[in-house]
Amino acid sequence: MFGNKNKEVNKTRAWKRLEDHCKNMRKVEMREMFEQDPSRAERYCINLEHMMLDYSKNRINDRTIRYLLDLAEERNLKGMIEAMFRGDKINTTEHRPVLHVALRNRSNKPIYVDGKNVMPEINEVLAKMRRFSEAVRLGEFRGATGKKLTNIVNIGIGGSDLGPKMACEALKKYWAKDINCYFISNIDGTACCEVLNKVDPETTLFIVASKTFTTIETLTNAKTCRKWLVDALGEHAVCKHFVAVSTNLKEVEKFGINPENMFEFWDFVGGRYSMWSAIGLIIAIAVGMDNFDKMLDGAHAMDMHFKDTDFARNIPVIMGMLGVWYNNFFNLRNVAVVPYDQYLQFLPAYLQQLDMESNGKQVNNFNKYVKYSTAPVLFGGPGTDVQHSFFQLIHQGSSVVPIDFIIPAISHNEIGDHHEILVANVLAQGEALMRGKTVIEAAAELRKAGKAEEEVKRVKRFKSFTGNRPSNTFVFKKIDPYTLGMLIAAYEHKVFVEGIIWNINSFDQMGVELGKQMALSILPELQGNASSVSHDSSTEHLIATIKRLRK
Ligand code: F6P
């Protein structure tokens, strides 16, 4: 088993010391730490190329960082990072290496899996992606009736949808002018219909993206789209309008897609880590392969930073250890990610899968139930929108939610003073959360506004803010392919760091299986067949009610 020692992490000296230290830090006010130390912002920030992570608005001091990094050392984080990059089988439950880093290994140095260098195959698929995406963009690969393919529909779910969808949206400004991207993921027929209503069969290319090629949502949606196309253009059109991205050649052929139109990837890449592979084909078609390569370059730069930089100056390590600090020592079970960039609107949904599917586990690598909390609940949405939805709770709610703010210095759409207002808002949120407003300050403000003493007494508490609420702020120049690559890789590695500390396998997802299995047993009953399985009375009742309503 991996992990350096046979000791449960919460029994280690480093953990115990953090528990003691946390008791002191709970009493410390961030606003006082800022007042006492004018260099705090400078000390708790990391610059990497044009990106900066400001983590000064956290309930930490130098000792906290030291103790957290001792815990990282105790858990052999360095060794585990090396093991991942080396291609060791750190996905222990599935006996697989974890090599999304190989997909963007721009150094092209060999990485061996079972004695075989995987780089030539990866490079081959990247070259095939380049050829195909360019052919589509230039109109050399055309539809069955000779028209240019300008509507690209990705059919996939989970990791085969969220990454490409998030990245396509993030890089919308880089799309070829005549290309439109669509995503069908949900089994809900509405998802399919809404897209098919918008596109024309003659100009539509479907990418069926499924690592396993067995996922019921994707295959059902793909069959519906195939029928729609065949009804309009005939069976012969399928090879001109369908391509697949998968690890499962047999199933792809069975579905009727020409193996030549299949883009391969490998089981050493987890679904939620796969946008760097051919799963990103729609990104490459939309923004061009040169831009896709830049995204890989950015991710590689973050990989090298993660692998080679001292932990005290290491963005993903600091992010991950802060995650552990709040989750396990302050007992905060939620985190939020709020990008102040409309193009990053799908980032929280993407990170939800990355974080919660990776670390939402409770059996550790010693095959024991953990006695500490693992992945928090991650939620978020674009600022300033979410300031008008869940931010009331973030500021005054009874639970504290650490937040990551993300803000580009330059917008792709610099109109009027929109961007300055946006920036002012994100900075104000971080400051307000950190500073808060005491009851005394609230009362003084009310008096200054001319309120009667009785009114001041009545509302001063409602108008106060406890503050001392943590946030990180990511700042960079602009959302471009390279920066996006850096940012996503930083979050991937943050999740890795947390998984190592918690001694769990971040790379399987067995928790999604049970619901899938049970759906398969309920389906025949909804279709009118006799029940082969007995359910609880609530489920029986729901089945009966829905059947009655569908009559
Ligand atoms: O939700 C479970 C899961 O296996 C994810 O990990 C994966 O991203 C998704 O389903 C889709 O799987 P596939 O790419 O095999 O269709």
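Values quoted throughout were computed directly from the atomic coordinates according to the rules given, and no laboratory measurement underlies them. The model shown is predicted, which means the values in this text are computed figures rather than measured ones. Every residue, glycine among them, receives a Cβ derived from its backbone with ideal geometry; neighbour counts consider all protein chains shown.
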Shape call for the stretch 452-551 from the C-alpha gyration tensor, a ≥ b ≥ c root eigenvalues: rounded (a/c under 1.5), prolate (a/b greater than b/c) or oblate?
oblate
Could you let me know the centre-to-centre spacing of the stretch 21-80 and the stretch 372-430, using Cα atoms, in angstrom?
21 Å
Cα gyration tensor category, rounded, prolate or oblate, for the stretch 119-273 with a/c compared to 1.5:
rounded
Extension gain (nm, one decimal) between Leu138 and Asp200, 0.36 nm per residue minus Cα-Cα:
20.4 nm
With Cβ to Cβ distances under 12 Å as the rule, what net charge do the other residues near Phe379 carry (K, R +1; D, E -1)?
-1
On a 29 Å Cα-Cα criterion, which of the cross-link pairs Lys240/Lys516; Lys227/Lys551; Lys198/Lys361; Lys173/Lys437; Lys172/Lys516 come out too long?
Lys240/Lys516; Lys198/Lys361; Lys173/Lys437; Lys172/Lys516
Taking the mean number of other Cβ atoms within 10 Å as a proxy for protection, how do you rank 278-288, 307-317 from highest to lowest?
278-288, 307-317
Compute the signed sum of charges (Lys and Arg +1, Asp and Glu -1) over the other residues within less than 13 Å, Cβ to Cβ, of Arg137.
+1
Trypsin sites (Lys or Arg not before Pro) in the stretch 398-470 lying in a DSSP loop, each with at most 11 other Cβ atoms within 10 Å of its Cβ, come to Arg461
Measure nothing fancy, just the Cα-based angle from helix 216-233's long axis to the longest principal axis of the chain, in degrees from 0 to 90, nearest 10.
40 degrees
Given the DSSP H assignment, sum -39500 (n - 2.57) over each helix run of at least 4 residues in the chain and divide by its residue total; what's the result at 222 nm in deg cm²/dmol, nearest 500?
-14000 deg cm²/dmol
So Arg548 and Lys116, fully extended at 0.36 nm per residue minus their Cα-Cα distance, gain in nm 149.7 nm
Please give the peptides 493-506, 332-345 ranked by average Cβ packing (other Cβ atoms within 10 Å per residue), highest first, as a rough proxy for protection.
493-506, 332-345
Mean Cβ neighbour count within 10 Å, used as a protection proxy, ranking 247-253, 63-69 highest first:
63-69, 247-253
Suppose R0 equals 35 Å. What FRET efficiency, 1/(1 + (r/R0)^6) with r the Cβ-Cβ distance, do Asn258 and Ser521 give to the nearest 0.05?
0.50
